[in-house]
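Just so you know, all these numbers are worked out from the coordinates, no wet-lab data involved. What you see is a predicted model; the values in this text were computed from it and never measured. As a convention, Cβ positions derive from the backbone with ideal geometry for all residues, glycine included, and neighbour counts pool all protein chains shown.
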Amino acid sequence: MEVTRRPGGVGVLATIGVLTGLFEWYLSFDIWPEYVSGAYPLSVTVPLITLYTTSGVLSLALGVMLWVRRRWAWTLGVSCCAYSVVANSLEGLAFPLIFFYVSGPLILWNLIALAYLARPHVRAYFGQASRPAADVGSG
């Protein structure tokens, strides 16, 4: 069954992906003055700039590709959400004071996004509908 109409939640996830990507790009450019002025050591600023720039490009690409219905965007979205759940769980264990304000809400958001991406009509929209397994023993 081919689903041709974009589910509403996909549009929401795509918009959030684009906005997140733009915000992370802003953060990476916002760190440049500290990098140039030497306010923070290179061991802090260079990884942050790299992290925010890479994450921004990935989020922006994911948002656009979810919008234009690329099959691999569904796989990337599921992978990014699963990674974020694990990373934020570890961050919450390492920094328990920020768990309820940062890590906890991000874990909850990513679990909701994962549950939505796993819904049958969303999987079908991206061509990821489950197929019956082949009979292994038949010959």
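See the values below:
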| read-out | value |
| --- | --- |
| Highest to lowest packing among 111-120, 71-80, scored as the average C-beta count within 10 Å | 71-80, 111-120 |
| Computed [θ] at 222 nm, helices only, for the chain once each DSSP H run of length n ≥ 4 contributes -39500 (n - 2.57) | -25000 deg cm²/dmol |
| Extension gain (nm, one decimal) between residue 115 and residue 100, 0.36 nm per residue minus Cα-Cα | 3.3 nm |
| Pairwise FRET efficiency - residue 37 versus residue 16, Cβ, R0 = 41 Å, nearest 0.05 | 0.80 |
| Farthest positive-ward along the chain dipole, Cα basis, beta-carbon charges - from 64, 81, 28 | 64 |
| Dipole magnitude of the range 5-102 about its Cα centre (Cβ charges: Lys, Arg +1; Asp, Glu -1), debye to nearest 20 | 700 |
| Which label in (1) 24.7; (2) 9.4; (3) 11.9 gives the computed mean projected area of the Cα convex hull in nm² | (3) |
| DSSP-loop chymotrypsin sites (Phe, Trp or Tyr not before Pro) across the range 15-53, with at most 13 other Cβ within 10 angstrom | none |
